Structure formats: structure tokens, C-alpha cells
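Data first, discussion second: the structure below is written as C-alpha cells.
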Amino acid sequence: MKLLLNVLKRIHKPAVYSSQPRCRSSSARSGLLPLRDEALIVGSNPELVQRLGPQVEAIHGYRETERVMWGERCEEVLSRVRSGAFPEGSPLLGPVHILDLDKTGYIKPHIDSVKFCGSTIAGLSLLSDSIMRLMKEDDAEEWLDLLLPRFSLYILRDQARYNFTHQILKDEESVFNGQRVPRLRRISVICRNLPS
């Protein structure tokens, strides 16, 4: 019975391959062995794989969930985050987004959908230091690297939120101002406000 439950858990945690930045899944913790990128796409014929392959992205080492109910101590922390990050009276997105990034995982450059979240994104960085890179959407020469120590809070507002992509660098690229910043498993707890 225990073996069956473990198999069912693996079946219900499929990898999701999508060109949409919000659809990320899969992890070393799923019990499946990671494959090289070129082995992640198969199709009915090689021409189709060659034609559509560059149009999809496979993101590894990543799990996500949303949560509405929290324990009392966690709710206190989230209240402090909300009061510090969002203008008073700002309508907040109900569920809190939780991202679990494996040591080998990374978040590719993206801008969160304006359809689902407003002018501010606030995230608690837990378990590991990491580097968040902001890059101007239409000019890769303009960029900022943010050192996110574990237990830190980052807030992206206005131009940083709308006009710059953000990403979490791979462990092997994790360098801040010339200093190596080893990245381990990272959990982020993200609050957003609603679009106006």
C-alpha cells in the first residue's frame, strides 16, 4: 500500500512544459531523474520537434503552490510584509504564492502577468541567499543585480515591476559584485496586489 501511494504521488506531480512563465513544475524531489534539455521534447516527427522545440521552455527544479490559510505566527509575518510593501487600502491578491526552487533550478527572465497582479510584488526569500537580476525589457544593457540574503524581503514596484524582467540566477551564475554567492534550495513566499 505504501509503495502504491508513493507511485500515485509521482503520477500526480507531472512536469509542465509551457511557453508561459507562470506554468512551472517538476523537481528533483519528484523522484524523477533530471534529463538534459534536448531530451525533454519528443514529438510525432523530427520536423515538428525542430519547428516547435524553440517555442517552448522546460523549466526544471521548480514547484509552486498557493495558500490562503496560515497559522497565527505565519499570518503575523505576512501582515508585516503586507503593511510594509503595499499602500494602505490596496486590494491584495487573496492567495499567497509559494515557490520552491531546487538547488539546480532557476527562474528565467519574466514579467509577471499584468492581468493577474498589480503594481507591487513582495517576496520573502527563505532557505538560501540568491541573486535576482532585473533587466530592462527592451534594453539588455540596463540591468540591476539584487543580493537576496535568506530571510530577506524584496519589493518590486512600478518601473521595476512593469519595465524590467526579473529572474533568479542559476547556482553556477550566482555572483554578486564579483563575489560568489552559493545558492541552495530556495523557497519564496510572494504577495501581490490586484491590478487596478
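Bear in mind that the values in this text are calculations on the coordinates, not laboratory data. Quick caveat: nothing in here was measured; it's all calculated off a predicted structure. No Cβ is skipped: glycine too gets one built from the backbone with ideal geometry, and neighbour counts run over all protein chains shown.
Ranked by the mean number of other Cβ atoms within 10 Å of their residues, highest first, the peptides 110-120, 94-104 come out as 94-104, 110-120. Here the Karplus curve 6.51 cos²θ - 1.76 cosθ + 1.60, taken at θ = phi - 60°, turns the phi angles of segment 89-96 into couplings of x, 5, x, 9, 5, x, x, 8 Hz, with x standing for Gly and Pro.
Using the average count of surrounding beta-carbon atoms within 10 Å as a protection proxy, the listed peptides 71-77, 187-193, 145-151, 163-169 rank, highest first, as 187-193, 163-169, 145-151, 71-77.
Protection proxy ranking, highest mean first, for peptides 134-143, 152-161: 152-161, 134-143, where packing is the per-residue count of other beta-carbon atoms within 10 Å, averaged.
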